[in-house]
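The numbers here are math on the coordinates, done by the rules we state, and not lab data. Bear in mind that the values here come from a model prediction, so they are computed numbers and not experimental data. Here the Cβ positions follow ideal geometry from the backbone for every residue, glycine too, while neighbour counts run over all protein chains shown.
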Amino acid sequence: MDEVEKLRYLAAHTKAPRAPQLQLLEEWCLNNDLKKFRRKLHVDPDIFASLIAKLENHPVFSNNSNNPQLPVSVQLAIFLNGVGHYGNGATTEDVAEWAGVSIGMVYNCYRWVMIALLQLHDDVIHFDPMELEDQEERDRAKRWVESRSCSEWRGGFLCVDGSPFNLFQKPGWHGEGFYDRKSRYLLSAQVIILPHNLRIVDYVIRVPGSLHDSNIFSRTRIYRHPETFLGANEWIWADSAYPSLPWCMVPFK
């Protein structure tokens, strides 16, 4: 009985066959096949390497046991693959088969990587025109805009747009409020970015999908305090869903 309790199985079982495909990521990097790498992880290899360097020393990846965790690079790849896809291609079973790990390990990787990423939030998502590093980033964005348009437009060094996060099913509480014009239940987000490298400088999330982009945009920090992001002759670019303001330019209305 003691042996049975230790094993927790009354009958022998066979492991499900898994052929991991993680090694393809390294192969794509060596062959400079960035399109396939981005399709799977939604980041470039250099950004992937930078994330590993920022995360690998976080204590959540150390369990001080005889069974060490998976390498941080593997955990991050599992996490990016999962959060970067939606629908049938994002099931835990599919991610587990792709990585050659158990379903439980996939959940653990999601949790550990998310904990480590949240610790970096304030160090990564910020923008202060008074800081030298952000001033240099702003100037690079302006040069990028000018190179793709004209010198008169270089003052628009930020962009805003909405992004939906689909929900698995209709929420049980006030579910109609999450129903958008495209017949989906979702949460809406607004993201303000630098156009040359897509760096996020401000965002708002957790808003029901039925609200209009302009309404959600009014909840962002840049809308309430534009002077903390923009100086004289500076503005952000937006599409026709947004209001025309002295600091928010809508080219086509």
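Each label was represented as a point 7 Å from its Cα along the Cα-to-Cβ direction; for E133 and H121 these points are 1.9 nm apart. Computed from the C-beta positions of N88 and R224 and an R0 of 45 Å, the FRET efficiency is 0.65 to the nearest 0.05.
Modelled spin-label separation between E26 and N63, with each label point placed 7 Å from Cα along the Cα-to-Cβ direction: 2.3 nm. Reported to the nearest whole Å, the Cα centre-to-centre distance from the stretch 230-248 to the stretch 124-159 is 14. Going 7 Å from the Cα of R38 in the Cα-to-Cβ direction, what parts of the stretch 143-166 have a backbone nitrogen less than 14 Å from that spot? Under 14 Å, as judged by backbone N against the label point of R38, lies no residue of the stretch 143-166. Among beta bridges from DSSP that stay inside the chain, the antiparallel ones total about 75%. As a size descriptor, the averaged projected area of the C-alpha convex hull of the chain was calculated at 19.4 nm². Note on S210/A49: beta-carbon distance plugged into 1/(1 + (r/R0)^6) with R0 of 35 Å gives a FRET efficiency of 0.30.
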